[in-house]
Amino acid sequence: MQQGNEVCVLRLGHRPGRDNRMTTHVGLTARALGADRVVISGDASQSAETIADITDRFGGPFEVELTDSHRKLLREFDGIVVHLTMYGLPVQDVEADVRADFEEGPVLVVVGAEKVSFDVYEAADYNVGVTNQPHSEVAGLAVFLDRLFEGRELDREWVGASHEVVPKATGKQVEPVDEEE
């Protein structure tokens with residue numbers, strides 16, 4: 001699916017009690033749409049546990065990490081940094097450049113919660129807007145990853161799953177994975 005390079009999503013600004021569901025959804029979206037790992041800045045152990053549990057049940061590979069120092073990750077990341085912000089350049093104008101850089105090395109996709117400090121804008125190789133209107137960071141992440149992978153993430157194969165969703169036109173069906181297949 002991807003060009004052999006890692007996609008890491010950094011979730012900034014987790015506010016315990018307020019952002020648990022949104023932070024969980026950032027991680028689940030990252031996992032479902034092709035990222036290799038999510039790093040959550042702040043006290044988000046509940047979200048991290050939920051994301052890890054979903055990965056255990058529905059497959060990976062996908063890693064979840066917590067950090068107290070997002071600045072260190074931004075400083076030491078060996079690849080390009082893409083900050084998703086409604087104030088950035090339109091995704092449709094920079095996606096080809098980002099994709100070309102991704103061919104050369106890993107990408108760190110930064111999504112915020114509360115107000116993002118200016119040092120993140122400065123650390124980014126690309127400040128990218130998935131529309132310049134207020135919107136959810138989950139929606140922005142989903143659109144960006146789909147543009148980065150050009151839809152290939154939708155055909156991803158999952159390994160190590162104990163359960164799988166059976167696609168249906170109507171209704172819901174989740175079944176245990178038959179390990180003999």
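The values are calculated or read from the model by the stated rules, or taken from the named source; none is laboratory data. Given the structure is predicted, the values throughout are model-derived calculations rather than measurements. For neighbour counting, all protein chains shown are included, and Cβ atoms are generated from backbone atoms with ideal geometry for every residue, glycine included.
Computed values, structure above
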{"read-out": "Lone unmet requirement of (1) over 20 Å from residue 39 (Cα atoms); (2) at pLDDT 95 or above; (3) of a type in the set (S, T, N, Q); (4) in contact with a Phe, Trp or Tyr (Cβ under 9 Å, 6 or more places away or on another chain) for residue 170", "value": "(4)"}
{"read-out": "Total residues in the stretch 21-62, condition of a type in the set (D, E, K, R) and farther than 18 Å from residue 110 by Cβ", "value": "6"}
{"read-out": "Check on residue 121, of a type outside the set (A, V, I, L, M, F, W, C), under 26 Å from residue 20 (Cα atoms) and in contact with a strand residue (DSSP E or B) (Cβ under 6 Å, 6 or more places away or on another chain)", "value": "yes"}
{"read-out": "Residues of the stretch 47-82 satisfying the condition of being loosely packed, with under 15 Cβ neighbours inside 10 Å and of a type in the set (S, T, N, Q)", "value": "69"}
{"read-out": "Residue check for residue 98: in contact (Cβ under 8 Å) with a residue 24 or more places away in the chain and in contact with a Leu (Cβ under 9 Å, 6 or more places away or on another chain)", "value": "yes"}
{"read-out": "Residues within the stretch 117-167 that are farther than 15 Å from residue 31 by Cα and in contact with a Leu (Cβ under 6 Å, 6 or more places away or on another chain), tallied", "value": "2"}
{"read-out": "The stretch 139-167, residues that are surrounded by 13 or more Cβ atoms within 10 Å (Cβ to Cβ), at negative phi and assigned to a loop (DSSP other than H, G, I, E, B)", "value": "156, 158, 161"}
{"read-out": "Filtered residue count, the stretch 49-76, keeping only those that are assigned to a loop (DSSP other than H, G, I, E, B) and in contact with a Lys or Arg (Cβ under 8 Å, 6 or more places away or on another chain)", "value": "1"}
{"read-out": "Which numbered condition residue 149 fails, given (1) of a type outside the set (Asp, Glu); (2) without any contact (Cβ under 8 Å) to a residue 60 or more places away in the chain; (3) in contact with a strand residue (DSSP E or B) (Cβ under 9 Å, 6 or more places away or on another chain)", "value": "(2)"}
{"read-out": "Filtered residues of the stretch 92-123 (kept if among the aliphatic types (A, V, I, L, M) and either part of a strand (DSSP E or B) or more than 16 Å from the chain's Cα centre (by Cα) (or both))", "value": "94, 96, 100, 107, 108, 109, 110, 111, 116, 120, 123"}
{"read-out": "Output for the stretch 53-100, where each listed residue is of a type in the set (Phe, Trp, Tyr) and closer than 18 Å to residue 141 by Cα", "value": "62, 87"}
